[in-house]
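The structure under discussion appears below in the form of structure tokens.
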Amino acid sequence: MTYLHSPRNDFADLTEQKILVVGLGKTGCSVCKFLFQQQIAFDAVDNREKPPVMGDAAQYLSDAQIFDSFSETLFCGYDVLVVSPGVALSTPAIQAAIEKGVKVIGDVELFARTVNAPVIAVTGSNGKSTVVAWLDSVLRQTSLNAVLCGNIGEPVLSSLDENADVYVVELSSFQLETTYSLKTLSASVLNISEDHMDRYENLEHYASVKRRIYQECENPVVNADDSLTWPAEPIAGQANVVRFSTAAPTGSDFGIQQHEGEDWLASATALICRSLDLPLPGQHNALNALAVLALLRPLGISNEKLVSGLKTFCGLPHRTQLVAEIAGVRWYNDSKGTNVDACQKAINAMTGPVILIMGGQGKDADFSSLRDTVEKHVKSLILIGEDASLIAAALDGVVEPLGASDMSDAVSQAAHAAVSGDVVLLSPACASFDMYDSFEHRGDVFMEAVQRVAA
């Protein structure tokens, strides 16, 4: 596969370039609207029979040619491809275009050339949505007008706001593949674990794409406990690097400090917040909170406002979300746990024997790394979805899995197996698209089934 090099100096003026927008989903349509408003001509292509939101962009496509299939001939006929993150760069037509010198960018690159306020950017295998939402919660305690956008919700181009004081942007690896010039006030790769191995050559390739977030970062924030989050080469201005860790903090770093027998989130000079006072359970969420503190350091927010924002954050749906407690059994929805590491962290955050519902599209993951965690904490395993047999094989001899035809069946089996003190946890370790429209859809179906049990 041919990889991309920075095209920044190759097309300073997009009005002189022949542009093709690739993909007409939510992101692609935001690109069309942006180019239309900037009076930049473009064409567009989507190879799906019914692009999900193309109709919403009709008013911006009046002067554009619309194509319905990918081809080398089509893509090589343009100077610039603006590729949506859901379209893999390994697509043969895109590879052919890259080899012929066609420039490939994404919506975040357009945002980077337009943005009018400081940017705090976050990526990582797990926890990035929680961290950016937590950042937003803290910033709401201040007078700053913060705009939350990116992979978490509204596309970045739809979120441009002339009154913004700071942008908080969640970035996926897919978005970072086509981003070259995003200048950030602070940025972090929270953690790295296997994910999207169907799209990357290996774990190091995936990690290297994540680390692109540091390219033009003024205050890099790294996870001292995870060397894969560290830049492969020294960062310019490395004196500004801030680390967060489960260890006691030193220097300018943030960590966990023991005080009177309790764990505290702390800097090297101050205790900030008791871990027990955080609204979200688990050591991984303590690390998420430390990342929030480190990312916000350049803004000089008082400890009082930091603590208030940390404590009042309600968490996000579908992330170790307590759905109900029925007859002493707690039911948790962690549908966003779409990889093995997320599933493992969710299991470890539970108190009590776990009845685990998992399965879906495995994305070529290695489920055997769950063996120790499942053996220690899981009393019953219920499998759903396309790769249920692969999970069963990977965990053979650890627990005898039960098969379920759908989520309703899985919840019914869990209710039958559970006794007071148990936890029922949906943490699939898989993508949802074999059975559901999204992880949100899957989580909603789970919660509806739990409510039927409660009734």
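The values are calculated or read from the model by the stated rules, or taken from the named source; none is laboratory data. Owing to the predicted nature of the structure, the values given are computational and were not obtained by experimental measurement. In this analysis, Cβ positions are derived from the backbone assuming ideal geometry, glycine residues included, and neighbour counts consider all displayed protein chains.
Going through (1) out of contact with any Pro (no Cβ under 7 Å at 6 or more places or on another chain); (2) closer than 20 Å to residue 316 by Cβ one by one, residue 452 falls short only on (2).
Within the range 408-418, identify whether any single residue is in contact with a Lys or Arg (Cβ under 6 Å, 6 or more places away or on another chain), among the hydrophobic types (A, V, I, L, M, F, W, C) and modelled with pLDDT of 95 or more, and answer yes or no. Looking through the range 408-418, none of the residues is in contact with a Lys or Arg (Cβ under 6 Å, 6 or more places away or on another chain), among the hydrophobic types (A, V, I, L, M, F, W, C) and modelled with pLDDT of 95 or more. The residues of the range 33-58 that are within 20 Å of residue 91 (Cβ to Cβ) and in contact (Cβ under 8 Å) with a residue 40 or more places away in the chain amount to a single one, 42.
Per this entry, residue 393 is not counted among residues that are within 15 Å of residue 331 (Cβ to Cβ) and of a type outside the set (S, T, N, Q). Checked against (1) more than 19 Å from residue 132 (Cα to Cα); (2) at pLDDT 90 or above; (3) not hydrophobic (A, V, I, L, M, F, W, C), residue 184 meets all criteria but (1).
State whether one or more residues within the range 329-341 are closer than 27 Å to residue 139 by Cβ, at pLDDT 95 or above and not in a loop (DSSP other than H, G, I, E, B). Yes, the range 329-341 contains a residue that is closer than 27 Å to residue 139 by Cβ, at pLDDT 95 or above and not in a loop (DSSP other than H, G, I, E, B).
Let's see how each residue does on (1) in contact (Cβ under 8 Å) with a residue 24 or more places away in the chain; (2) farther than 27 Å from residue 289 by Cα; (3) surrounded by 24 or more Cβ atoms within 10 Å (Cβ to Cβ):
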{"site": "114", "(1), (2), (3)": "yes, yes, no"}
{"site": "121", "(1), (2), (3)": "yes, no, yes"}
{"site": "134", "(1), (2), (3)": "yes, no, yes"}
{"site": "146", "(1), (2), (3)": "no, no, no"}
{"site": "162", "(1), (2), (3)": "yes, yes, no"}
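The requirement of being at negative phi, of a type in the set (Lys, Arg) and part of a helix (DSSP H, G or I) is fulfilled somewhere in the range 26-48, by at least one residue.
Scan the range 46-83 for residues that are over 17 Å from residue 17 (Cα atoms) and in contact with a strand residue (DSSP E or B) (Cβ under 6 Å, 6 or more places away or on another chain) and the total you get is 2.
Restricting the first member to the range 364-388 and to residues that are among the polar types (S, T, N, Q), and the second to residues that are part of a helix (DSSP H, G or I), the beta-carbon pairs closer than 7 Å and six or more apart or on different chains are 368/394; 369/340; 373/344; 373/347; 373/348; 380/417.
Does the range 347-358 contain any residue that is over 22 Å from the mean Cα position of the chain (by Cα), in the same structural domain as residue 142 (by TED's automatic domain parsing), at pLDDT 95 or above and aliphatic (A, V, I, L, M)? There is no residue in the range 347-358 that is over 22 Å from the mean Cα position of the chain (by Cα), in the same structural domain as residue 142 (by TED's automatic domain parsing), at pLDDT 95 or above and aliphatic (A, V, I, L, M). The single residue among 363, 336 that is on the phi < 0 side of the Ramachandran plot and of a type in the set (D, E, K, R) turns out to be 336. Is it the case that some residue within the range 90-99 is outside the structural domain of residue 173 (by TED's automatic domain parsing), over 15 Å from residue 155 (Cα atoms) and under 23 Å from the mean Cα position of the chain (by Cα)? Yes, the range 90-99 contains a residue that is outside the structural domain of residue 173 (by TED's automatic domain parsing), over 15 Å from residue 155 (Cα atoms) and under 23 Å from the mean Cα position of the chain (by Cα). Residue 229 satisfies every condition listed in (1) closer than 20 Å to residue 138 by Cβ; (2) surrounded by 19 or more Cβ atoms within 10 Å (Cβ to Cβ); (3) not aromatic (Phe, Trp, Tyr) except (1). With respect to (1) within 19 Å of residue 345 (Cβ to Cβ); (2) surrounded by fewer than 21 Cβ atoms within 10 Å (Cβ to Cβ); (3) touching a residue at least 24 places away in the same chain (Cβ under 8 Å); (4) not basic (Lys, Arg), the lone exception for residue 141 is condition (1). Taken together, 228, 190 contain a single residue that is aliphatic (A, V, I, L, M), closer than 19 Å to residue 289 by Cα and touching an Asp or Glu at 6+ places or on another chain (Cβ under 9 Å), which is 190.
Helices (runs of 4 or more DSSP H) fully within the range 369-455 that include at least 2 residues being outside the structural domain of residue 126 (by TED's automatic domain parsing) and farther than 17 Å from residue 359 by Cα: 371-377, 407-417, 439-454. The requirement of being under 21 Å from residue 241 (Cα atoms), in the same structural domain as residue 206 (by TED's automatic domain parsing) and small (Gly, Ala, Ser) is not satisfied by residue 150. Within the range 413-455, the set of residues being surrounded by 15 or more Cβ atoms within 10 Å (Cβ to Cβ) and among the polar types (S, T, N, Q) comprises 413, 427, 432.
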